1. So which trypsin sites (Lys or Arg not before Pro) in segment 228-280 pass both tests, a DSSP loop state and at most 14 other Cβ atoms within 10 Å of the Cβ?
2. When N counts the residues of segment 166-280, how does its alpha-carbon radius of gyration compare numerically with 2.2 N^0.38 Å, as a ratio?
3. Report the net charge of residues surrounding Leu236, where surrounding means a beta-carbon distance below 12 angstrom and charges are Lys +1, Arg +1, Asp -1, Glu -1.
4. Mark the label point 7 Å from the Cα of Leu106 along Cα→Cβ and return the residues of segment 77-96 whose backbone N is within less than 16 Å of it.
5. According to the Cα gyration tensor, what semi-axes, each the square root of 5 times an eigenvalue, does the equivalent ellipsoid of segment 70-148 have, listed from largest to smallest in whole Å?
6. Which value in nm describes the separation of the simple spin-label points at Leu254 and Leu146, placed 7 Å from the Cα toward the beta carbon?
7. If packing is taken as the average number of other Cβ atoms within 10 Å across a peptide's residues, how do 237-243, 125-131 rank, most packed first?
8. Sort Thr95, Thr104, Thr139, Thr222 so the one with the fewest other Cβ atoms within 10 Å of its own Cβ comes first.
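Quick note: the coordinates plus some simple rules give every number you see, no bench work behind them. Everything quoted here is computed from the prediction, not taken from an experiment. Please note: Cβ atoms are built from the backbone with ideal geometry, for glycine as well, and neighbour counts cover all protein chains shown.
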Amino acid sequence: MTADLTHRDASPDDASPDDASPDDASPDDASPDDPAEPRTTVDGRLTDPRKPPRASRQQALLLAALATVITALGVGWAFSPSRAGATDMLSSLATVYVPGAALTILWLRRRGELRAQLFPRAGDLAFGALAAALLYGVTMGASLLLSPHGSPREAWILRLYLHLGGPDVVNRMILGGAVFGIAALEEIVWRGLAMRALMDPLGPVSALLLSTLLYGLAHLPTLILLGDPAAGPNPLLVIAALGCGLVWGRLVLLKGRLAPAVFAHAFFSWAVASFPLWRP
């Protein structure tokens, strides 16, 4: 009886802290490391740690400009007359795109997007190959229209393939494999870094258009380097960069990932190198 009265008369103030209801916990007691809590960055912006950190407009434009400059320098070096030949040309492009792709991978990893963006899924390889085949067919038709056989403009596509070593280059399969790898690295840099960064402040459509324009501008050195005295400046690679850049960027937006576009770009470039659009 005494024990029962003692239990009933116990003051609420004597209750153990362990008996407190979770609903009574103060919001101030929440752990600062709670992943659901927003963070304040150095520049005062709130970020949700469950989502990738957004690039500011300044950061995005800087990354896109960096991709444009290094690509233009690499293209200018690779297509200079002194670098003619498959080995010299491709090694020049690799010098630019290997560190560029490494930077992109680190950037995607820091954002927590590397696996989602770049790791292939079932069907990516087939989808990329199909997109590349369709694009190859369109490119073949465009090349016949822009540089038809027997016209002075035929020199445009002739100069492009001569710079690669000519249509009858030995070990064409090795050449195709090297081109496949370089194209994959290029796609990682352009759609994985430049376009991806621009999507944060500009949105997907504007990022697609601006990154494609910059991609075309980065190939402007080939206007002169692959030009011909009779046919004039060579626009083929600039036109190809603009058209293909739109397609590959659209694939990224369509699939929401980078891997299918990487396969599409790599297979397309491999096909152009292994099955030349021009024959003497």
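1. Passing both the DSSP loop test and the Cβ count: no residue.
2. Working: Rg = 15.3 Å, N = 115, 2.2 N^0.38 = 13.4 Å.
The reported ratio for this selection is 1.15.
3. Working: positive: Arg153, Arg159; negative: Glu154, Asp228.
Charge balance in the 12 Å sphere: 0.
4. 96, by backbone N distance to the label point.
5. Values: eigenvalues 157, 115, 19 Å².
Its equivalent ellipsoid spans semi-axes of 28, 24, 10 Å.
6. Going from the Leu254 label point to the Leu146 one covers 2.1 nm.
7. Values: 237-243: 19.0, 125-131: 17.4.
Averaged packing, sorted descending, gives the order 237-243, 125-131.
8. Numbers: Thr95 15, Thr104 28, Thr139 19, Thr222 25.
The most exposed by this proxy come first: Thr95, Thr139, Thr222, Thr104.
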